[in-house]
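Note sheet for the following structure.
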Amino acid sequence: MAWEYNEKVKELYRNPKNVGEIEDANAVGEVGSIVCGDALKLSLKIDEDTETITDAKFQTFGCGSAIASSTALTQMVIGKTVEQAAQIKNQDIVDFLGGLPAEKMHCSVMGQEALESAIADFRGLKVVHEEEDPDTAIVCHCFGVSNKKIENTILENGLRTLEEITNYTKAGGGCGSCIDEIEQILEETLAKQDAEPPLRLPDKPKKLTTLQKIKLIEETIEKEIRPLLIKDGGDLELIDVEGNRVVIEFKGRCLGCQAVTYTLSGVQDKLREMVSPDLEVTTGND
Amino acid sequence: MKTVYLDNNATTQVAPEAVEAMLPFLREHYGNPSSMHSFGGRVGKAVEEARELVAELLGAEQPSEIVFTSCGTEADSTAIWSALNTETKKNHIITTRVEHPAVRSLALHLKRKGYQVTELPVHSDGLLDPRDVERAITKKTAIISIMSANNETGVLFPIAEIGAIAASYGVKFHTDAVQIVGKEPLNVQDLNVNFLALSGHKIHAPKGIGALYVKRGTRFRPFLIGGHQERGRRGGTEGVPNIVALGKAAQMALAHLDDEQTRVRGMRDRLEKGLLAAIPSSKVNGHGEKRLPNTSNISFEHVEGEAILLMMSDLGMAASSGSACTSGSLEPSHVLRAMGVPYTFAHGSIRFSLSRYNTDAEVDYVLEHMPPIIARLREISPFWKD
């Protein structure tokens with residue numbers, strides 16, 4: 001399959017920088033395995049007094065974007081303090097590269113994990129092996145991905161679909177036997193996330209006139225719902241509002257999406273929360 | 001930049017002669033072969049001539065045993081569905097773990113629909129034991145569908161032996177011959193097959209044309225139901241320019257068989273030996289002898305296939321890989337996994353597939369530029385230790 005890599009990514013896998021191992025490294029992080037198809041070993045030289053990262057080198061087994069992500073990571077951390085480096089998330093690596101194909105997001109996640117692992121090594125923290133942590137369990141056995149990793153990746157990257165989770169973590173991309181479990185984690189994580197106080201639209205009067213209600217429904221759809229759907233290649237249109245019955249029509253990728261009933265209940269939840277708990281949302285697609 | 005195309009099992013350059021042959025049917029001879037008037041008559045004749053040339057390439061008894069399709073996949077689907085639809089009391093299919101998706105995905109689809117599917121294993125050298133086929137046959141077996149040559153490794157399967165077994169049990173036998181046609185001598189009558197699928201664009205015809213051989217006397221149901229084209233065996237107006245080009249390509253394939261077996265094989269062997277000698281920890285996937293003359297699948301340990309392909313591409317070299325990153329899934333090639341190739345090798349596999357259009361100078365170019373690519377990626381790899 002031909003991937004669409006941008007020029008920056010191409011430049012960094014053609015001419016990778018900071019390749020190798022630092023002999024007197026005081027922080028080393030290793031993630032991935034040869035079975036999974038990619039692996040990264042990051043070594044850092046950190047000034048003990050200032051806690052500034054003075055050098056970083058990597059070794060990578062993997063595809064073009066894995067090599068580019070590794071180079072990017074080393075370039076990003078050199079000169080930063082450990083505390084600053086600890087703030088780097090996979091999305092920062094993606095931004096540094098000017099974007100990665102969706103199917104390659106896991107390469108950036110691997111970079112973030114190697115960095116976390118190296119920092120833990122520097123701090124003298126024993127990296128808690130997931131199998132020893134009673135709260136974590138391996139969900140995807142093909143790629144050794146735990147429930148914690150899936151949950152964290154969903155939260156940090158605002159993931160909404162199974163496909164996105166596979167692109168970011170590889171979970172579910174092998175034999176596929178864990179897909180039900182991943183979908184459950186997704187559902188629970190999204191529910192938990194939505195339970196946290198969301199951005200409120202300004203002034204929500206107690207009793208809405210019909211006109212106000214329609215306006216508020218429109219506003220919520222525009223600001224809160226459509227952006228998420230469009231991001232996934234879908235869309236929806238408000239068809240009608242009759243009393244508390246809201247009729248919408250799904251478009252684009254939402255149409256063929258098997259999770260569309262899930263999406264529909266998500267739309268209803270959002271409208272109930274933002275407008276009125278009495279709303280019933282139905283689709284005019286049938 | 002110099003370009004060296006070594007991905008001929010994916011698709012091939014259209015032979016200039018095939019392009020010339022089809023052009024009149026894109027320009028002046030646009031008639032419908034089904035029409036009674038002179039516009040159609042001329043065109044219908046060209047289609048029948050092409051049918052004869054394809055029949056000759058396959059050693060078919062009669063040209064009418066050839067049905068033109070839109071592609072190899074359609075030919076495979078037509079054969080398998082035809083067997084299932086004519087043997088409605090049978091619900092068992094025998095195939096292998098290393099089939100092309102054209103057959104494998106259909107088999108998995110049928111499995112979900114409730115059919116029994118036996119996927120036969122292969123040995124570590126990619127070979128299939130015909131006795132395994134025999135052991136798998138039951139009274140419910142509707143069809144055996146086994147490829148003639150593997151697209152990834154080039155390994156040849158004993159089609160004639162399997163055909164004899166299938167015939168002795170009265171079970172229909174289909175072979176996906178997309179990779180073998182034009183590379184090895186072939187005679188459908190010796191093979192004892194009921195169906196054989198081929199694809200135009202693998203033998204220097206354009207994309208969008210395939211053919212299915214249906215042995216005379218084999219009960220048949222069309223896959224595309226429509227008009228009476230192809231003697232009622234495939235509805236839909238014939239893709240005349242493509243059919244004419246396929247006829248020309250088939251004629252040329254027959255004429256170049258010796259060249260495939262000698263010169264192309266020679267280039268493949270020189271490329272393979274040279275790479276193995278120059279690059280440590282590299283090995284060939286698949287049986288050394290029982291293999292197509294044009295294919296070499298080599299694994300370079302501890303480096304990843306997509307990275308190799310990207311660096312090759314920068315130098316104008318085109319091949320393909322069985323690595324997870326290039327397969328579109330996250331797992332490496334199902335063929336290499338079925339052969340038990342270790343992950344350290346599977347992710348770093350590169351398939352070189354030549355054609356008669358390759359030259360010795362191109363082989364030299366690859367031999368010069370591949371070793372530094374592998375060495376460079378191994379420098380980056382955390383698993384590689386000198």
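Values in this text are rule-based calculations from the coordinates and carry no lab data. Computed from a predicted model, the values in this text were never measured in an experiment. Every residue, glycine among them, receives a Cβ derived from its backbone with ideal geometry; neighbour counts consider all protein chains shown.
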Original post:
Which whole-number percent gives the relative contact order of the range B:251-386, counting Cα pairs below 8 Å spaced six or more residues apart?
Top reply: 31
Original post:
For B:Met22, B:Met267, what ranking results if the residue with the fewest other Cβ atoms within 10 Å of its Cβ goes first?
Top reply: B:Met267, B:Met22
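Per DSSP H run of n ≥ 4, the term is -39500 (n - 2.57); total these for chain B, divide by its residue number, and report the mean residue ellipticity at 222 nm rounded to 500 deg cm²/dmol.
On the way: 15 runs with 159 residues, N = 386.
Dividing the helical sum by the residues of chain B leaves -12500 deg cm²/dmol.
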Original post:
When a footprinting reagent is the concern and you count Cβ atoms within 10 Å, what order do A:Leu236, B:Leu276 take, fewest first?
Top reply: B:Leu276, A:Leu236
Original post:
Between A:Val139 and residues 5 or more places away or on another chain, which pairs have amide H atoms under 5 Å apart, with H built 1.01 Å from N, and which residues are they?
Top reply: A:Val145, A:Ser146, A:Asn147
Subject >> Positive-pole candidate from B:Ser64, B:Ala253, B:Asn8, dipole of chain B, charges at beta carbon >> reply: B:Ser64
Original post:
Given springs between every Cα pair under 10 Å in a Gaussian network model of chain A, which of A:Ala195, A:Ala68, A:Ala137 has the largest fluctuation?
Top reply: A:Ala195
Original post:
Under DSSP H, which helices of chain B have Cα atoms covering 30 Å or more of the helix axis and a Kyte-Doolittle average no less than -0.5?
Top reply: B:38-58, B:360-380
**OP:** Using Cα positions and a limit of under 17 Å, work out the aspartates and glutamates in reach of A:Lys251, with same-chain residues fewer than 8 apart set aside.
**Re:** A:Glu218, A:Glu222, A:Glu224, A:Asp232, A:Asp235, A:Glu237, A:Asp240, A:Asp286
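Just tell me the longest site-free run in chain A, where the sites are GluC sites (Glu not before Pro) in a DSSP loop having at most 12 other beta-carbon atoms within 10 Å.
Result for the longest clean stretch: A:49-286.
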Original post:
What is the calculated FRET efficiency for A:His141 to A:Glu218, with r their C-beta to C-beta distance and R₀ = 51 Å, to the nearest 0.05?
Top reply: 0.65
**OP:** Above 34 angstrom, tally the Cα pairs of chain A and express them as a % of all pairs, no decimals.
**Re:** 33
Subject >> Interchain or long-range residues, amide H under 5 Å from A:Thr81's placed H >> reply: A:Ile53
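How high is the relative contact order of chain B, given as a whole-number percent (alpha carbon pairs under 8 Å, six or more residues apart)?
Working: 794 pairs, mean separation 85.6, N = 386.
Over chain B, the number comes to 22 percent.
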Subject >> Between 0 and 90°, nearest 10: helix A:260-274 axis offset from chain A longest Cα axis >> reply: 70
**OP:** Could you list B:Lys202, B:Lys183, A:Lys207 in order of exposure, starting from the residue whose Cβ has the fewest other Cβ atoms within 10 Å?
**Re:** A:Lys207, B:Lys202, B:Lys183
Original post:
How far is the Cα center of the range A:25-70 from the Cα center of the range A:208-273, in Å?
Top reply: 44
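Loop only by DSSP, 16 or fewer other Cβ within 10 Å of the Cβ. Give me the GluC sites (Glu not before Pro) in the range B:27-123 that pass, ordered by residue number.
Details: sites: B:Glu28, B:Glu48, B:Glu49, B:Glu52, B:Glu56, B:Glu61, B:Glu65, B:Glu74, B:Glu87, B:Glu99, B:Glu119; in loops: B:Glu28, B:Glu61, B:Glu87, B:Glu99.
Taking the range B:27-123 and a limit of 16 other Cβ atoms within 10 Å, the loop GluC sites (Glu not before Pro) found are B:Glu28, B:Glu61.
Mind giving me the FRET efficiency for A:Lys251 and B:Lys140? R0 is 35 Å, r the Cβ-Cβ distance, nearest 0.05 is fine.
That pair, A:Lys251 with B:Lys140, gives E of 0.15.
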**OP:** Let me see the pair-distance distribution of the range A:130-195: every alpha carbon pair, 10 Å bin width, integer percents in order.
**Re:** 24, 57, 19, 0
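Below 8 Å between Cα atoms, with a sequence gap of 6+, how large is the relative contact order for the range B:174-299 in percent?
Numbers: 150 pairs, mean separation 28.1, N = 126.
RCO, the range B:174-299: 22 percent.
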Original post:
Given H placed on each backbone N at 1.01 Å, which residues far from B:Ser381 in sequence or on other chains put an amide H within less than 5 Å of it?
Top reply: A:Thr60
Original post:
Can you give the angle from 0 to 90° between the axis of helix A:210-220 and the longest principal axis of chain A, with both taken from C-alpha atoms, to the nearest 10?
Top reply: 20
Original post:
Taking every residue in B:300-311, how many Cβ atoms of other protein chains lie within 10 Å of its Cβ, on average?
Top reply: 5
**OP:** Would you work out which of B:Gly154, B:His204, B:Phe223 lies farthest towards the positive end of the dipole of the range B:123-226? Charges go on Cβ: Lys and Arg +1, Asp and Glu -1.
**Re:** B:Phe223
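Over 28 Å between C-alpha atoms is what I'm after, so list which of A:Lys170/A:Lys223; A:Lys17/A:Lys104; A:Lys17/A:Lys148; B:Lys90/B:Lys207; A:Lys57/A:Lys170 land there. If you can, show how the numbers build up before the last one.
Details: A:Lys170/A:Lys223 31 Å; A:Lys17/A:Lys104 20 Å; A:Lys17/A:Lys148 32 Å; B:Lys90/B:Lys207 34 Å; A:Lys57/A:Lys170 25 Å.
The answer is A:Lys170/A:Lys223; A:Lys17/A:Lys148; B:Lys90/B:Lys207.
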**OP:** Calculate the dipole size of the range B:1-101 relative to its Cα centre from +1 charges on Lys and Arg beta carbons and -1 charges on Asp and Glu beta carbons; express the result in debye to the nearest 20.
**Re:** 280
Subject >> Acute angle (nearest 10 degrees) that the helix A:147-157 long axis makes with the longest principal axis of chain A, alpha-carbon atoms >> reply: 70
Subject >> Highest-fluctuation residue, A:Ser43, A:Ser70, A:Ser33 considered, GNM on chain A with Cα pairs under 10 Å >> reply: A:Ser33
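For the range A:27-100, just say rounded, prolate or oblate: build the C-alpha gyration tensor, square-root its eigenvalues into a ≥ b ≥ c, call rounded for a/c under 1.5, and beyond that prolate if a/b exceeds b/c, oblate if not. Walk me through the numbers before you get to the answer.
Details: a/c = 2.41, a/b = 1.47, b/c = 1.64.
Note, shape of the range A:27-100 comes out oblate.
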Original post:
Using 0.36 nm per residue, how much length does the chain from B:Thr3 to B:Gln189 gain when fully extended, once their Cα-Cα distance is taken away?
Top reply: 62.9 nm
Original post:
Say the cut-off is 31 Å between C-alpha atoms; which of A:Lys80/A:Lys231; B:Lys113/B:Lys283; A:Lys10/B:Lys2 go over it?
Top reply: A:Lys80/A:Lys231; B:Lys113/B:Lys283
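Tell me whether the protein assembly as shown comes out rounded, prolate or oblate; compute the Cα gyration tensor, take square roots of the eigenvalues as a ≥ b ≥ c, and use a/c under 1.5 as the rounded threshold. Kindly include the intermediate steps, with their values, before the conclusion.
Details: a/c = 2.09, a/b = 1.35, b/c = 1.55.
Verdict is oblate for the protein assembly as shown.
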Original post:
What whole number of Å gives the distance from the Cα centroid of the range B:28-80 to the Cα centroid of the range B:228-287?
Top reply: 20
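Hull surface divided by four, with the convex hull built on the Cα atoms of the range B:1-91: how many nm²? Let's see the in-between values first.
Details: hull surface 39.9 nm².
Answer in nm², one decimal: 10.0.
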**OP:** Specify the residue with the greatest mean-square fluctuation among A:Lys149, A:Lys251, A:Lys104, computed from a Gaussian network of chain A linking alpha-carbon atoms under 10 Å apart.
**Re:** A:Lys251
